[in-house]
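Step one of this worksheet: look at the structure below.
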Amino acid sequence: MDPIRRSLLGQLARLSAGAAMVPLSSVASAGINDQPPRREGDPSKRYGMLIDLRQCIGCQACTVSCHIENDAPLGNFRTIVSQLEVEQEGTGEVATFMLPRLCNHCDNPPCVPVCPVQATYQRQDGIVVVDSDRCVGCAYCVNACPYDARFINEKTQTADKCTFCAHRLEAGLLPACVESCVGGARIIGDMRDPESEISRLMDKHRDELMVLQPEKGTLPQVFYLGMDERFTQRPDAEPGIWNVINEAGKELGYEFGH
């Protein structure tokens with residue numbers, strides 16, 4: 001049999017099998033484009049992240065530590081710091097702007113209702129995750145995400161993304177990116193706890209906080225402090241490329257800016 005046809009048939013078989021595993025009751029309770037019921041996680045908590053751009057130096061320590069912690073394939077990242085050169089209007093002076101990016105763990109995540117097998121779902125604590133055992137790699141969620149925060153993992157052939165390092169949070173640890181941030185720019189915590197650091201900072205800087213693409217109605221739960229309002233939208237910029245050689249000697253391009 002032709003290899004391409006065999007691969008296609010395999011994907012279709014996985015899709016059918018995955019769909020068969022979805023309980024009919026859960027399908028019936030969620031209409032098309034509706035958010036299905038949240039499951040797992042602590043319902044008393046709502047995790048969010050605040051990123052203080054005034055403290056970010058663009059060192060990419062978060063990118064590297066996340067890559068190692070979550071064993072992402074070479075060339076794919078769950079989080080990255082985009083570095084943008086910005087020309088000042090009037091003076092022509094050029095400055096560098098750092099923009100850490102990751103899954104926004106939205107309160108109205110567009111990636112969840114498009115999943116045909118409910119592999120992508122939101123936990124009761126707000127963290128959006130992927131059940132890799134159920135995922136069929138159709139990439140619907142990848143295309144639905146307006147933040148380019150998802151990719152298909154070439155090792156597992158399933159959707160992959162930031163999970164706020166839920167496995168570490170459950171063990172009482174900080175996510176890898178937060179723990180490794182040399183400037184202390186990333187703060188994560190329970191926003192329902194008024195005594196948490198993130199709650200105190202949000203109360204203090206409430207009028208200064210911004211989110212990415214608020215007009216999408218996704219209600220992102222990653223908040224930026226020190227953000228220029230122009231960068232809440234996708235900037236009109238050309239990407240820079242790192243040329244990296246993999247173990248086989250093949251040159252890889254890493255997308256660095258947007």
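The values are calculated or read from the model by the stated rules, or taken from the named source; none is laboratory data. None of the values given here were measured: they were computed from a predicted structure. Because the Cβ atoms are built from the backbone with ideal geometry, glycine has one as well, and the counts that use them run over all protein chains shown. The area values use the complete protein model at the heavy-atom level, side chains included, leaving out ligands, DNA and RNA. Shrake-Rupley method; radii C 1.70, N 1.55, O 1.52, S 1.80 Å.
Things to note:
- Among the residues of segment 174-190, those that are within 19 Å of the chain's Cα centre (by Cα) and open to solvent by 40 Å² or more (accessible area, probe 1.4 Å) comprise 174, 179.
- The set of residues in segment 104-118 being out of contact with any strand residue (DSSP E or B) (no Cβ under 6 Å at 6 or more places or on another chain) and closer than 22 Å to residue 42 by Cβ consists of 106, 107, 108, 118.
- Selection count where residues are closer than 27 Å to residue 57 by Cα and surrounded by 15 or more Cβ atoms within 10 Å (Cβ to Cβ), scope segment 159-173: 9
- Within segment 220-239, being part of a loop (DSSP other than H, G, I, E, B) and either modelled with pLDDT of 95 or more or open to solvent by less than 30 Å² (accessible area, probe 1.4 Å) (or both) holds for 220, 221, 227.
- Test: residue in segment 21-40 that is of a type in the set (Lys, Arg), at pLDDT 90 or above and either within 28 Å of residue 196 (Cα to Cα) or outside any helix (DSSP H, G or I) (or both): no
- Some residue of segment 179-192 being touching a residue at least 24 places away in the same chain (Cβ under 8 Å), small (Gly, Ala, Ser) and more than 13 Å from residue 52 (Cα to Cα): yes
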